Amino acid sequence: MAQIPSLDNAPLNLTSLREQSRKELINILKNIRGRKLLLVDPKLSGSLNLITQFSLLKEHAVENLRHILGEPIQSDCRSILYLVRSEINLMKFISSHIQHDVSQGLQREYFVYFVPRRTVVCEKILEEAKVHQMLTIGEYPLYTLPLDEDVLSFELDFAYKECQIDGDTSSLWHIAKAIHKLEFSFGLIPNVRAKGKASTKVVDILNRMHRENAVGSDVGVPEINTLILLDREVDMITPMCSQLTYEGLLDEFFHINNGSVELDASIMGSQQSGKKMKVPLNSSDKLYKEIRDLNFEVVVQVLRQKATSMKQDYTEVTTQSQTVSELKDFVKKLNSLPEMTKHINLAQELSKHTTKPSFLGRLDIEHTIVDGQSYEICFEYIEEIIHKQEPIGNVLRLLVMFSITNAGLPKKHFDYFRRELLHSYGFEHMTTLRNLEKAGLFKKQESKSNWLTVKRAMQLVVDDTDTANPNDIAYVFSGYAPLSIRLVQHAIRSGWRAIEDIVKLLPGPHMELKREGYPNSSVLETQQEGLANLDKLVDGRRSLVLVVFIGGVTFAEISALRFLSSQEGMAYDIIIATTKMVNGQTLLEGFMEIMP
Amino acid sequence: LLWRESWEQGKNPLASKGSPIHGPRIKLVEQAHNLFSETKEHAFESKAAEEHAKLLRVQHELEVSTKRPLFVDSSVSDTIRTCITLGYEQAAAKVRAEFKVPEKRWYWLKLLALAAKGDWDGLEKF
């Protein structure tokens, strides 16, 4: 099955977006004569896979496609094309390649294309290595990558960490640029709502871009009605919770990367064990589309049901005589068999993890922490898993939740945990702890916590959650409604005004804005006017809301949003854009300094 | 920022070196310790750096006395566990005392180490 998702059912014409990226790539290839070797940044190869297939590249005389490595190039191609992010390490590789070739007396042409744009630092490095003159430098403006029908990614891996720790806000420019580009295709977005430092900043940059380079009114009726921007910082609890949807769990245990997971072949029922295989996961797979957002408990039931009904059909076929059309129906059903097998295999593997007592224990404690009532129990649980030296990622996730819900820990406990952590996991984690402290994720208590107020007002804990027939987004975490999505829910319905008191309790400023199709007219809007337009349907279509998560979003949150838009009385389709797909693990990895 | 930098400096050579000569590493960490102790807010960091230097020293001694290159670069808990697993009960107790390991952690470590070793008699006794 194709790894590139079909985007035909997308509420927005995302195919054109992908087409454009593909065309731009081909143009770059066309501009380079002769056979060429394409060297890609390993981080980009997943993205490339979502845009195009190798066969297409081959048509344009790409001899070979490889990851950039430190070793010199072994190839007889005369042209070398590098496709890289602006990263210092990669520049060093490139210079060493060229220097090696020069020392060997090899003559080649080198092209370096930066994704999405060049930076001064990188060019400086190339200059210093004295290879700048031998290069042709270009840009491949890949700002937005459609991951699925309703999910876009800006592929900014460390946006969150860069803003929080390093004070590097260049990713915000990137986000604004990406949205600006979207507006050129789909029209100016009239309503904007933002919460968080980074989000409001992006809106500022976006407005400036709009003034400098206005989106013409000739694009027609804006296809996207409302833009909601949300900082990850506003809600760090949700990503720290274990995701319980099917897709979320797959991500927690196998790590979904660019719409596929890499698994040991034996899991998928293949004979050759030890070999890795890629399993694509996107909505082109109808069964997956149906079950990805469900709570995993339910998924198992659904799969069982489907299997039984198929078995029943089968016995009917073998025992009774059938008309040709009935046979045809049966055969049609059989076509879905490979998908069935795939998901049964995956679900079986997941169950191995989800039935472990340690996993269930963790879920239990997560709920206790979110509930915010029993400090002692949480404290002792975390203390115990540190002492047992459970994986540090798990420990930190709980600690972050614990610290946020209590607005930090009392100094005595804070120091105690820090010391126990360093003793158990090594002193090199000092930097991790400092980073977390700087980001406010694990810190000393300085003020009283307002988590209980937020929890109550936003109805974050929902007691009787029916995971099979959910009536609230809380089903994705079996009883906890993600704060981030609650915010979006309110923002769509009524804007910030109705919940202003609560919004103020969360980190960062918030803003509401109404924009019009000509420059210098963006006025801050506090009235509810925008809503009247919002509810109107344009050309009988549902209106579209673009929700942007700065700093990443989890699969469970996406599931919750999909659930929202599928609810009756919701006249909106929701498209999600994120700097990166994340989960608690990957977010925290950004904070652990990788050491050589 | 100065102490932060020195901290990183002290860290990086740490991770990259696996050689048995640990003198320079310990010096660096001690330097970090001194820098941290110059200001009040970094009392915790200073203490951690001090302990780190101490740990490296202890680990170095352990490697020399046991002739097994297993200790350096592992954490305090790991060190204790390795000691128990290898049967150096006294050394383990010494490390425990030196780093004031709380009772709860000590019992977990001992339990896990004995279980890993399959020392059921030892488990029985304690």
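So here's what we get for this one:
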item: A:R493-A:T355 FRET efficiency (beta carbon distance; Förster radius 41 Å; 0.05 resolution); result: 0.60
item: Segment A:14-141: Cα Rg divided by the 2.2 N^0.38 Å rule of thumb; result: 1.01
item: Solvent exposure of segment A:357-448 as accessible area per residue, Å², 1.4 Å probe; result: 38 Å²
item: When the convex hull of its Cα atoms is projected in every direction, mean area for segment A:357-448 (nm²); result: 5.5 nm²
item: Volume per residue of the C-alpha convex hull in segment A:65-198, rounded to whole Å³; result: 145 Å³
item: Flagged links, alpha-carbon separation over 18 Å, of A:K352/A:K580; A:K278/A:K356; A:K278/A:K306; A:K43/A:K580; A:K23/A:K58; result: A:K352/A:K580; A:K278/A:K356; A:K278/A:K306
item: Distance cut-off 17 Å, percentage of C-alpha pairs in segment A:417-513 lying past it; result: 65 percent
item: Accessible area buried at the A-B interface, both sides summed, 1.4 Å probe (Å², nearest 100); result: 2400 Å²
item: Per-selection Rg to Rh, segment A:246-344 - Cα, Kirkwood hydrodynamic radius; result: 1.05
item: Distance in nm between pseudo-label sites at A:R208 and A:Q133 (7 Å out along the Cβ direction from Cα); result: 3.7 nm
item: Rounded FRET efficiency, nearest 0.05, which uses the C-beta distance separating A:H367 from A:L505 and R0 of 25 Å; result: 0.70
item: Accessible surface of A:D466 - all protein chains present, 1.4 Å probe, nearest 10 Å²; result: 70 Å²
item: Accessible surface, 1.4 Å probe, highest first, among residues A:R33, A:R362, A:R542; result: A:R33, A:R542, A:R362
item: Projected area averaged over orientations for chain A, convex hull of C-alpha atoms, nm²; result: 31.6 nm²
item: Solvent exposure ordering (accessible area, 1.4 Å, most first) of A:H97, A:H255, A:H490; result: A:H255, A:H490, A:H97
item: Structure-based [θ]222 nm, chain A - -39500 (n - 2.57) summed over DSSP H runs of at least 4, per residue, nearest 500; result: -14500 deg cm²/dmol
item: Pair-distance profile P(r), taking every C-alpha pair of segment A:327-404, with 5 angstrom steps and integer %; result: 3, 12, 18, 15, 11, 8, 7, 6, 6, 5, 4, 2, 0
item: Residues listed by number, segment A:324-339, amide nitrogen under 19 Å from A:Q312 label point at 7 Å toward C-beta; result: A:326-337
item: Positions from segment A:360-393 whose accessible area shrinks by 40 Å² or more when the full protein complex is built, not the chain alone, probe 1.4 Å; result: A:H387, A:K388, A:Q389
item: Too-long pairs where the Cα-Cα distance tops 21 Å, listed order kept, from B:K54/B:K117; A:K30/A:K92; A:K92/A:K124; result: B:K54/B:K117; A:K30/A:K92
item: Cα-centred dipole magnitude for segment A:57-115, charges only on beta-carbon of K, R (+1) and D, E (-1), debye, nearest 20; result: 120 debye
item: Residue-span extension gain [A:K289 to A:A265] - 0.36 nm each, minus C-alpha spacing; result: 6.3 nm
item: Using a Förster distance of 25 Å, the FRET efficiency for A:F184-A:T52 (Cβ separation, nearest 0.05); result: 0.70
item: Exposure ranking of B:S65, A:S6 by accessible area [1.4 Å probe, largest first]; result: B:S65, A:S6
item: Whole-percent carbon and sulfur share, accessible surface of chain A, 1.4 Å; result: 50 percent
item: A:H67 versus A:E24: modelled label distance in nm, points set 7 Å from Cα along the beta carbon direction; result: 2.5 nm
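The values are calculated or read from the model by the stated rules, or taken from the named source; none is laboratory data. On a predicted model such as this, the values are computed, not experimentally measured, just so you know. All Cβ positions, even for glycine, are placed from backbone atoms using ideal geometry, and neighbour counts span all protein chains on display. When the accessible area is computed, the model is the full protein with side chains, heavy atoms only, and any ligands, DNA or RNA have been set aside. Shrake-Rupley method; radii C 1.70, N 1.55, O 1.52, S 1.80 Å.
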